[in-house]
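Below is one structure, written out as structure tokens; the observations come after it.
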Amino acid sequence: MTINQTMIEGFVLRGFSDVPELQELIFLLVLLIYVLSLGGNMTILLLVCLDVHLHTPMYFFLSNLSVIDISSSTTTLHRIFIISTTYNHMISTSACLAQLYIFPTLTSNEFSILAAMSYDRYVAICRPLHYHSIMGQRLCCLLASVSWAFGFIEMVPTVVFISRFTCYISKEIDHYFCDILPIRDITCSDTSLLDFYILIFGNINIFLLLSLTVTPYAFIFICILNIRSSAGRRKAFYTCSSHIMVVVIFYSSIVLQYIVTISGHNTGSNKIFSLLNTAVVPMLNPLIYSLKNKDVKSALHRKLTFCRSK
């Protein structure tokens, strides 16, 4: 039986109802991860804003990454908290469309910001004498602005296509938030335009922006290998090691989710990998930068010392 779109005031999010015995465990685990993610990213933002030693291009982009992580995890995970505490699985059509727009936009923004951070590391290591003249405030703001604008503009057609779906075979979405593929699976409208658009811009995000992220590191590694002293090579590699780890984790989670989606579309596995992308990755990013970065640890120590002295 098909359902006319005009009859649907909202959708039903199944959440993790396919594993009811793990509901409480999932809620507590996701809550813990979300609190750690929120605390870590807020700490990074506050340190970058308050400590003048962190007013550099690298930490400017890192603060953008923290804003993306906070926003993406909040946009998606709050539905798990609502479902687990109120047992209300309903989500309005407008709220669903908002999630469909905001979360993919933030994911696209993260692709772009990671590419900008790669270019920053390339200039810092390969052209250190010209770093401050190249990575000026104007260029940093331009790169960040283009990254944010690209994501917000890119997702507009997707939401327009989905908002024009006229019928559904069900109003139950087998996910814990409104995502593009689960919505496409329950519609009986023509999805050819949506599929084509996802194919084109999905490849742009994954392959073009991945190339823009990885290519600077090819030059970085050549520069590092040409450094004669082992201490110099270690120092150069240390300056970009945190970013490399973040890039590997982020792209790995995206690729794993993509592989699961195209190979049989197992919804349980897809939810787990979505949870990895929306909860675990935003938690790991500030941990990686704080644990492996002397500047961040020094800034945190200075602020804690200042607070104790008061």
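The values are calculated or read from the model by the stated rules, or taken from the named source; none is laboratory data. Note that the coordinates shown come from a computational prediction; the quantities given were computed from them, not determined experimentally. A quick note on method: Cβ atoms are made from the backbone with ideal geometry, for glycine too, and the neighbour counts reach across all protein chains shown. When the accessible area is computed, the model is the full protein with side chains, heavy atoms only, and any ligands, DNA or RNA have been set aside. Shrake-Rupley method; radii C 1.70, N 1.55, O 1.52, S 1.80 Å.
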- For the range 1-131, report the accessible area per residue in Å² (1.4 Å probe, heavy atoms, rounded to an integer). 45
- Taking Lys and Arg as +1 and Asp and Glu as -1, residues besides Asp179 with C-beta under 14 Å from its C-beta add up to +1
- Task: Just tell me, in residue order, which DSSP H segments of the chain are both 30 angstrom or longer along the helix axis (alpha-carbon based) and at least 1.6 in mean Kyte-Doolittle hydropathy.
- Result: 23-50
- Query: If r is the Cβ-Cβ distance from Ile200 to Ala95 and R0 is 25 Å, what FRET efficiency results, to the nearest 0.05?
  - Reply: 0.35
- Task: Could you tell me what percent of the DSSP beta bridges with both partners in the chain are antiparallel, to the nearest 5?
- Result: 75
- Which aspartates and glutamates have a Cα less than 19 Å from the Cα of Lys294, not counting those fewer than 8 places away in the same chain? Asp51, Asp120
- Query: Percent relative contact order of the chain, based on C-alpha pairs within less than 8 angstrom and at least six residues apart?
  - Reply: 29
- Note on the structure: Computed from the beta carbon distance with a Förster radius of 30 Å, FRET efficiency for Leu46 and Arg164 to the nearest 0.05 stands at 0.10
- Message: As a test of the formula, what do you get for the chain when each DSSP H run with n ≥ 4 contributes -39,500 (n - 2.57) and the sum is divided by the residue count, at 222 nm and rounded to the nearest 500 deg cm²/dmol?
- Response: -25000 deg cm²/dmol
- How much FRET efficiency would the formula 1/(1 + (r/R0)^6) give for Leu256 and Arg302, where r is the Cβ-Cβ distance and R0 is 51 Å, rounded to 0.05? 0.85
- At a 1.4 Å probe radius, carbon and sulfur cover how many percent of the accessible area of the range 56-176? 67
- Message: What number comes out for accessible area per residue over the range 193-262 if the probe is 1.4 Å? Units Å², please.
- Response: 59
